[in-house]
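First up is the structure itself, then whatever we jot down about it.
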Amino acid sequence: MVTTLLVVVVILAIAFDYINGFHDAANSIATVVSTKVLTPFQAVLWAALFNFAAYFYFTDHKVANTVAKTVIENYITLEVILAGLIAAIIWNLLTWWYGIPSSSSHTLIGGFAGAGMTYALITGASPLDAVNMGYVVKIISFIVLAPIIGLVISVVLTLIIINICKNAKPATAEKWFKRLQLISSAALSFFHGGNDAQKVMGIIATALIAAKVIPNFEAMPWWVPVACYSAISLGTMSGGWKIVKTMGSKITKVTALEGVAAEGAGAITLGITEHFGIPVSTTHTITGSIVGVGVVKSVSAVRWGVTINLIWAWILTIPVSATLAAIIYAAIYYFK
């Protein structure tokens, strides 16, 4: 049955997806802007186009399914989903305002889990009973693994490219790598859209199940993926210039060659994790990839102070989002 609360939840979920787009725009355009291959305006249009193009390819919705199953069905209500979304939106906007490239994915999952655990606690159950620990452990593991995988792949790609092009004229090589960066940034945007839009699809599908509009995840209506891919694409077009600056220049100075390697590594990592249905952070992945190309030059080429600050933001995202969601859900429960 369609209720006012369900409509509010769906609208907030799509709003979060839009915010996710402009919050995470930097992931796919930072290097292509910093190397001056595209202007910021051209870059966001390019990224948005490939964000939406992912809709036509990712039809298995494995990542969406994983997100939907993070909280056990017995502890999912529309109020739980509402609290999780509000918490995720608050944290996303705060980190965007301060130019901190935190993970929208982990913000959403942390908020959802935190609200579900609070519902369990209020009703006399153990908070851990509310979460599917198998899925949660997998998600948390890839907070560490995704940037490491991105780093390793980017180091390998950079070394391969350097060796292949060691006899090329610098001016000719630079021209070709600027062209190749259009392809690598498109690939990163494509997999970013495929990975991140699905997370909100999982939340909306869960809300529809909780409201008994659909019987199960497989019955998710066609408009859900269309709305989610459209929202994240429109959000990307809105940009996120503070985070672009952090990702594109503060971690390490990036050339066109290194941009191709970093974006290529990010796209490969996201493609692998999407295949296995693991909702990873695009932010974490591309940051690891950018660090990787910096390390190839020298360890000192990476601004480790900035990187350590980013890591702290990553560590705090899930617990802070979960805590915010817990407070919001408790307020909804006791004052409704």
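The values are calculated or read from the model by the stated rules, or taken from the named source; none is laboratory data. Because the structure is a prediction, the values reported are computed rather than measured. Methodologically, a virtual Cβ is constructed for each residue, glycine included, from the backbone with ideal geometry; neighbour enumeration extends over all protein chains shown. The protein model used for the area step is the full one, side chains on, heavy atoms only, and it has no ligands, DNA or RNA in it. Shrake-Rupley method; radii C 1.70, N 1.55, O 1.52, S 1.80 Å.
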_At q = 0.16, 0.25, 0.27 Å⁻¹, what log₁₀ I(q)/I(0) does the stretch 15-61 have when each alpha carbon counts as one equal point scatterer in the Debye sum?_
-0.49, -0.93, -1.00
*Determine ³J(HN,Hα), in whole Hz, for all residues of the stretch 176-189 in sequence, where each value follows from phi through the Karplus function 6.51 cos²θ - 1.76 cosθ + 1.60 and θ = phi - 60°; x replaces Gly and Pro.*
5, 5, 5, 5, 5, 5, 4, 6, 5, 5, 5, 4, 5, 5
*Val131's amide H: which non-local residues (gap 5+, or another chain) put their own amide H closer than 5 Å, with H modeled 1.01 Å from N in plane and none for Pro or chain starts?*
Ile72
*Go ahead and run the numbers for FRET between Val7 and Ala331, Cβ-Cβ distance against an R0 of 22 Å, rounding to 0.05.*
0.60
*Computed [θ] at 222 nm, helices only, for the chain once each DSSP H run of length n ≥ 4 contributes -39500 (n - 2.57)*: -26000 deg cm²/dmol
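When the solvent-accessible surface of protein heavy atoms is calculated with a 1.4 angstrom probe, in what order do His275, His192 fall, highest first?
His275, His192
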*asked:* Can you tell me, using C-alpha contacts under 8 Å and at least 6 residues apart, the relative contact order of the chain as a whole percent?
replied: 38 percent
*For the stretch 4-335, restrict the atom set to alpha-carbon positions and state the Rg and Dmax in Å.*
19.6, 71
*Dipole axis of the stretch 4-335 (+1 Lys, Arg; -1 Asp, Glu on Cβ), positive-most option in Ile183, Asn132, Gly194*: Ile183
*Output the peptides 89-98, 66-75 sorted from most to least packed, where packing is the average of other Cβ atoms within 10 Å over each peptide's residues.*
66-75, 89-98
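Packing-wise, with mean Cβ within 10 Å as the measure, how do 50-58, 76-84 rank, highest first?
Listed from highest to lowest mean packing, they are 76-84, 50-58.
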*Roughly speaking, to the nearest percent, how much of the stretch 4-335's 1.4 Å accessible area is carbon and sulfur?*
72 percent
*With a 10 Å radius around each residue's Cβ, average the other Cβ atoms per peptide and rank 143-155, 103-115, 224-236, highest first.*
103-115, 224-236, 143-155
*Please work out how much accessible surface Trp46 shows to a 1.4 Å probe, ignoring ligands, DNA and RNA, in Å² rounded to 10.*
80 Å²
*First select every other residue whose beta carbon is under 15 angstrom from the beta carbon of Ile232; then total the charges, Lys and Arg +1, Asp and Glu -1.*
-3
*asked:* About the Cα centre, and with charges only on the beta carbon of Lys, Arg (+1) and Asp, Glu (-1), how big is the dipole of the chain? Nearest 20 debye, please.
replied: 1080 debye
